[in-house]
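Quick one: structure below, then a few questions.
Read-outs throughout are calculated quantities, based only on the coordinates presented, and are distinct from any laboratory measurement. Owing to the predicted nature of the structure, the values given are computational and were not obtained by experimental measurement. Counting neighbours? That spans all protein chains shown, and the Cβs are built from the backbone with ideal geometry, glycine included.
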There are 2 protein chains.
Amino acid sequence: MKIDVFFTPAGLSPGDLAGRAVVVVDLLRASTTIAVALSNGARAILPAASTEEALRIAQNLERDHVLLAGERKSVRIEGFALGNSPLEFTPEVVGGKTIVLATTNGTQALIAAQGAREIVVAAAVNFGVVVQRARSALETSGDLAIVCAGSERRFAIEDAFTAGRLTKMLLPQGGLKRVSVNDGALASLEIARHFGEKWLRALRASAHGRELAALGFGQDLTVCASQDTHPVLPLYADRRITAHRAPQEG
Amino acid sequence: MKIDVFFTPAGLSPGDLAGRAVVVVDLLRASTTIAVALSNGARAILPAASTEEALRIAQNLERDHVLLAGERKSVRIEGFALGNSPLEFTPEVVGGKTIVLATTNGTQALIAAQGAREIVVAAAVNFGVVVQRARSALETSGDLAIVCAGSERRFAIEDAFTAGRLTKMLLPQGGLKRVSVNDGALASLEIARHFGEKWLRALRASAHGRELAALGFGQDLTVCASQDTHPVLPLYADRRITAHRAPQEG
């Protein structure tokens, strides 16, 4: 059994994730926003790497059903309907809509994972569902990769913390002796141990968290730290993220 | 006061380190080899990013005084006098010589740091000297960046451990309340706390350390884990690393 954690997509080659089950984490705030939006009835999220790409993608969609969302340096992009605060993505606003979401870090991580067998978007708000899916991927293939978005191509402690919590949940009985982990996974376990069960403590310690609080997004931290409030499984495939629905019986 | 730790050079832009005091860490094994070689009388180390670059650099130097050294996937490059094991760099072999050292990870980190005010090469073997120099840089400018070479553009736990030990030594009284640290520095402190004073434990836990041991370089781990055996201060400037000599009095 093998679990790899990568702290940023910067050092990844396309081959590193090909055919693997991958979990992507951008806790502040893209992953959280995506889970909240899908849980609140959005039809799909189309991630874009830039404002320009978001506009280009939106052009090819029916205007009535599309919402442009995204941030630049944590602030809503001018002219876009929504920023990247999960609080904006209410059922009234996003129900039935397709959302084009421009976010640098999260989108880079998703693009790096293209070619994976399955790509799950993980946050605290959907943590339990992600753990379940990751566990079943591990049981099936014996292999999992967790890709942190990081911040501006660099290590972000809130994503590493999330990766560590997930890794810890997935360790088999017997712990590290029965699973092969890379250095990133080892380190993420230490970071998770340090902050314990306290999502908010990790978010408040992080540079990005402090920055968001200073910009007036303090309430976002509380949302991003709330475990299992939006138990949805966002899957990324064919450049869109949709909520996985369990196959219907019959 | 500000301390930043970067886990790989991959996410760095040239501006990030410009004008700063920088410590570069590639514990397994380039940093160690460099410190050992200089301590054993080598005149200078010229880092090269590839076999080809090493050959090109060597061509412009007097043949009698030059040694080609370097590894590819931990093994000595064919035709080169030396590999990258510190045990090879004895006084008899390297005394008075200029060494062209081809090593992927360490060299990338040094190149990323170009434009810094000062670049120090850190290992366990010269740890005390590095701490002293870093402390004085912090006292002078209030600012320090620690750049880990990592492994193949990725996080390496032995470099992060070294960065954490160094950061811990540099914290002022009052600890984290009196210094601004980035997420990398925070995480490195946790990793250092986990392994404690035990360099060898960190090296043995690391993927690279286990790989070296499997290749028969187990003794190298012991050398790379030996603190303050080679108290030399390697400074990188103008594409060469030389031992800093304290200014002579009088």
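Please report how far the C-alpha centroid of region B:170-209 lies from that of region A:111-136, rounded to the nearest whole angstrom.
Here the answer is 29 Å between Cα centres.
Counting only other chains, what is the mean number of Cβ atoms within 10 angstrom of the Cβ of each residue in peptide B:155-167?
Counting Cβ atoms of other protein chains within 10 Å of each residue's Cβ and averaging gives 3.
Another one. So, by mean Cβ neighbours within 10 angstrom, what's the order for A:104-116, B:179-191 with the highest one leading?
Averaged packing, sorted descending, gives the order B:179-191, A:104-116.
Tilt of helix A:127-141 relative to the longest C-alpha principal axis of chain A, in degrees (0 to 90, nearest 10)?
Compared with the principal axis, the helix lies near 50 degrees.
Still on this structure, please answer the following. Which pairs, out of B:Lys2/B:Lys168; B:Lys97/B:Lys198; A:Lys177/B:Lys198, put more than 24 Å between their alpha-carbon atoms?
Check vs 24 Å cut-off fails for B:Lys97/B:Lys198.
I'd like the FRET efficiency for A:Lys73 and B:Arg63, computed as 1/(1 + (r/R0)^6) with the beta carbon distance as r and R0 of 45 Å, rounded to 0.05.
0.25
Share of antiparallel DSSP beta bridges in region B:2-236, in percent to the nearest 5?
15
How would you order B:195-207, A:36-48 from highest to lowest mean count of nearby Cβ atoms within 10 Å?
Order by mean packing, descending: A:36-48, B:195-207.
Note down the Stokes-Einstein diffusion coefficient of region B:121-250 in µm²/s, whole number, using a Kirkwood radius over alpha carbon pairs, 10 °C, and 1.306 mPa s.
100
Defining the label point at 7 Å along Cα→Cβ, can you sort the distances from A:Lys168 to the same site in each other copy, shortest first, in nm?
2.0
Distances from A:Ser136 to the same position in the other copies: list them in nm, one decimal, shortest first, using label points 7 Å from Cα along Cα→Cβ.
6.2
OK, next. Cβ neighbours within 10 Å, averaged per peptide: list A:219-227, B:169-177, B:213-221 in order, most packed at the top. Walk me through the numbers on the way to the answer.
Details: A:219-227: 19.6, B:169-177: 12.4, B:213-221: 15.9.
Per-residue mean Cβ counts within 10 Å order the peptides as A:219-227, B:213-221, B:169-177.
A further question follows. When N is the residue count of the protein assembly as shown, what does its C-alpha Rg come to as a fraction of 2.2 N^0.38 Å?
In units of the globular-protein estimate, the protein assembly as shown measures up at 1.03.
Grab the beta carbon distance between B:Thr140 and A:Ala214, set R0 = 45 Å, and tell me the FRET efficiency rounded to 0.05.
0.95
Using a 10 Å cut-off around each Cβ of peptide B:188-201, what is the average number of partner chain Cβ atoms that fall inside? Each step should come with its number before you reach the end.
Working: counts 2, 2, 10, 6, 1, 3, 7, 1, 0, 0, 0, 0, 0, 0.
Neighbouring Cβ atoms belonging to other protein chains average 2 per residue here.
Turning to a different aspect of this structure: Put the label 7 Å from Cα along Cα→Cβ for B:Pro91; what are its distances to the other copies, in nanometres, shortest first?
Label-point separations across copies, in nm and ascending: 8.0.
Nearest 500 deg cm²/dmol is fine: what mean residue ellipticity at 222 nm does chain A get from its DSSP H runs of n ≥ 4 alone, each adding -39,500 (n - 2.57), divided by its residue count?
Values: 10 runs with 96 residues, N = 250.
So the helix-based figure for chain A works out to -11000 deg cm²/dmol.
Could you give the angle, 0 to 90 degrees to the nearest 10, between helix A:183-195's Cα long axis and the longest principal axis of the Cα atoms of chain A?
Rounded to the nearest ten degrees, it is 80.
A further question on this structure: Would you grab the residues whose amide H sits under 5 Å from the one on A:Ala48? Only those 5+ places off in sequence or on another chain, please, with H modelled 1.01 Å from N.
Amide H neighbours of A:Ala48: A:Leu101, A:Ala102, A:Thr103.
Measure out, as a whole number of angstrom, how far apart the alpha-carbon centroids of region A:145-160 and region B:33-51 sit.
34
Cα atoms only: what Rg and Dmax, in Å, come out for chain B?
So, for chain B, Rg and Dmax equal 16.9, 54 Å respectively.
List, in order, the whole-Hz ³J(HN,Hα) value for each residue of region A:99-108 obtained from phi through the Karplus relation with A = 6.51, B = -1.76, C = 1.60 and θ = phi - 60°; use x for Gly and Pro.
Rounded to whole hertz, the list is 10, 9, 10, 8, 8, 5, 5, x, 5, 4.
How high is the relative contact order of chain B, given as a whole-number percent (alpha carbon pairs under 8 Å, six or more residues apart)?
33
Where both partners of a DSSP beta bridge lie in the protein assembly as shown, what percent of those bridges are antiparallel, to the nearest 5? The partial results should precede the final answer.
Details: 18 of 72 bridges.
Antiparallel: roughly 25 percent of the beta bridges in the protein assembly as shown.
While we're here: Subtracting the Cα-Cα distance from 0.36 nm times the residue separation, let me have the gained length for B:Gln227 to B:Glu52 in nm, one decimal.
Gain on extension, B:Gln227 to B:Glu52, equals 59.7 nm.
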